[in-house]
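Read-outs throughout are calculated quantities, based only on the coordinates presented, and are distinct from any laboratory measurement. Everything numeric here is computed off the predicted structure, so don't read it as measured data. All Cβ positions, glycine included, derive from the backbone under ideal geometry; neighbour counts span all protein chains shown.
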């Protein structure tokens, strides 16, 4: 999905006005409200954009304003449900003696001036990686009315549970899979977590570790399939709220070790350009365009392009080779899904078959998309 620059520039103007608690400029000629609405939804920033639009003299009218108002009402309901469900999950986990760490959006909401502005697609939690804890969390969620999402047990780092129409929960057994280059920083995260003052089972990251995990998570999506405007807004509020108090000696040493110095600089500079001085150089323009066209969660096409490039670096260059690598992944990646392989490598062929059967049963749509993308590949 691609949008013209006038549309994206005006959406950034609307968001900047909210962040700076200022009145937005009126919509310029040549910008269509339907395009602004579509782009805001694409990036999951429509609630913040709606707040800005409500201050305009030339507001959308008729059918256009009804779309915004209906989406605003839905956002209010989703936020209320997610907040209530999040509190219940933490309380129930704590009552069972499960140490639990809230992640990503549910934490970031608290540093926005209005938590409703930070929209979320799901709730993410980290628990201890042993299978008994993962099963107990699954049991807890089932008792709360959740169903298994696509392929519980198929992902390297998390299981997904759903409760239609609004709830999706990811229970993480680790922050990053071992196939990620910088997994070493998060492997021992439990040693650095801080217990909540009122709840000994509720854990928190230090601001420094939360900032670094934000960058790790952002860059992962940015490089694999793209990540959107919302991630840059997160970056801005992290700098605004914690920039003066974080230990940047600790952060900068790790950024060098992670090879993230340039990526962090891009995030900081783009956040300042979009939401402070508005000045973009040529390099930032390229990053901005990529982010604008990525949406909140990236696009499947960009993800496939990234993955094909990774396989080509391994010497796999034919469509048949790409297909078989996806079907029969290397042992290192399979170990993340089936930990027993670390001790019993002879189980690998049986794990391949098990993974394929579960994929056919639970991920047919994704399989079709991957096959189609191979057909389209030149």
Separation of the residue 190 and residue 276 label points, Cα + 7 Å toward Cβ, nm: 4.0
Euclidean distance between Cα centres, segment 151-208 to segment 256-273, Å: 24
For segment 90-204, what's the relative contact order in percent, using C-alpha pairs closer than 8 Å and at least 6 residues apart? 26
To the nearest 0.05, how large is the calculated FRET efficiency for residue 284 and residue 65 if R₀ is 35 Å and r is the Cβ-Cβ distance? 0.55
Rel. contact order, % - alpha carbon contacts under 8 angstrom, at least six apart, segment 205-298: 49
In nm, spacing of pseudo-spin labels at residue 269 and residue 353 (7 Å Cα→C-beta vector): 5.4
On a full-extension model of 0.36 nm per residue, what is the gain between residue 23 and residue 74, subtracting their alpha-carbon distance, rounded to one decimal in nm? 15.9 nm
